[in-house]
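Trainee: Once you've had a glance at the structure underneath, I'll fire off some questions.
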């Protein structure tokens, strides 16, 4: 992006990786709603030019001093949060801690869907949200203390919701109750959901309470609107912990056209929960300043992917036309809610 609403292809110097960094050639890049908000509303844009794409996959071409976990030629998936090194470009430089080595059996387009959603899912479950204990590996070697406590994931048909469901199962939680459109239910059960409910059902609260054996104490909201939080408040226990993926949107739509209609916490006069409930706003950007980043992708995710036990998001692949045309089409799909539980991935080159 070179200005608000302006998408251009520009040439910049790549440079070489510094200590602890990796240079890789990008094969595929994933884009998300945050890219649309950056393009349309300058959300998280502080200067131009600014790149787009928060996840990428490709092949390592150079490593900096001190890099021990990766070598030239390794296939990787990487998180690309820095504006200069966003995913939609020929080469990216990132810290090795933001890379995961991927097996030959995993296609690169599918691999590009993983890093940003995996980070957000784990951050919501562990240190940044519900504050559940972080396992040393996935699948977890031992059952967590609250393994039998029901956990609700609201909006599990979303790409991050699908990963949240899987991570909970892999971490050892036995009752994962999810809400989504019925079109996603069978797929979500294959990912580990134990109960699936239609988020639009007029009896949703009663259905969830029955499945959980009472009101629920652990909840993750992957949609984060006033409407979804109102729905959740009907089955949440008075002392519930509710992790909400920021920003919270005014009304019922997750699609933002005006940043003034979003907020990082619920105003008191619009909060449907009792004061005893703990509402935690989850921002994945907080993860990048946390110690969890040192192991989550480079060790935990790399090991998990080698087992074949983790299912990447389904892909809507943009591969026809020029790179500019692919990106514009992908942004349009996201802007108009046409991805429907699939990750928009751009083929580079």
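Trainee: Among the residues of the range 61-75, is any under 14 Å from residue 305 (Cβ atoms), modelled with pLDDT of 95 or more, not assigned by TED's automatic domain parsing to the domain that holds residue 161 and not in a loop (DSSP other than H, G, I, E, B)?
Mentor: yes
Trainee: Determine if the range 76-84 includes at least one residue that is part of a loop (DSSP other than H, G, I, E, B), in the same structural domain as residue 328 (by TED's automatic domain parsing), closer than 20 Å to residue 116 by Cβ and touching a helix residue (DSSP H, G or I) at 6+ places or on another chain (Cβ under 8 Å).
Mentor: Looking through the range 76-84, at least one residue is part of a loop (DSSP other than H, G, I, E, B), in the same structural domain as residue 328 (by TED's automatic domain parsing), closer than 20 Å to residue 116 by Cβ and touching a helix residue (DSSP H, G or I) at 6+ places or on another chain (Cβ under 8 Å).
Trainee: Among the residues that make up the range 186-197, is at least one of them crowded, with 20+ Cβ neighbours inside 10 Å and under 27 Å from residue 276 (Cβ atoms)?
Mentor: For the range 186-197, residues crowded, with 20+ Cβ neighbours inside 10 Å and under 27 Å from residue 276 (Cβ atoms): present.
Trainee: Taking the condition of being outside any strand (DSSP E or B) and within 21 Å of residue 313 (Cβ to Cβ), how many residues in the range 1-49 meet it? I'd like the intermediate steps shown before the answer.
Mentor: Within the range 1-49, the subset outside any strand (DSSP E or B) is 1-2, 4-5, 7-20, 32-49.
Among the residues that remain, those that are also within 21 Å of residue 313 (Cβ to Cβ) are: 32-38.
Within the range 1-49, residues that are outside any strand (DSSP E or B) and within 21 Å of residue 313 (Cβ to Cβ) number 7.
Trainee: Among what's in the range 151-163 and is touching a strand residue (DSSP E or B) at 6+ places or on another chain (Cβ under 6 Å) and in a loop (DSSP other than H, G, I, E, B), pick the residue that is surrounded by the most Cβ atoms within 10 Å (Cβ to Cβ).
Mentor: Once the filter is applied, the top-ranked residue is 156.
Trainee: Here is a list of conditions, (1) touching a residue at least 12 places away in the same chain (Cβ under 8 Å); (2) outside any strand (DSSP E or B), and residue 210 meets all of them except one; can you say which number that is?
Mentor: With (1) touching a residue at least 12 places away in the same chain (Cβ under 8 Å); (2) outside any strand (DSSP E or B) applied to residue 210, the lone miss is (1).
Trainee: Of all residues in the range 238-259, which are surrounded by 18 or more Cβ atoms within 10 Å (Cβ to Cβ) and not in a loop (DSSP other than H, G, I, E, B)?
Mentor: Across the range 238-259, the qualifying residues are 240, 241, 242, 243, 244, 245, 248, 249.
The values are calculated or read from the model by the stated rules, or taken from the named source; none is laboratory data. This one's a predicted model, so the numbers in the text were calculated from it and none came from an experiment. With ideal geometry, Cβ positions are generated from the backbone for all residues, glycine too; neighbour counts draw on all protein chains shown.
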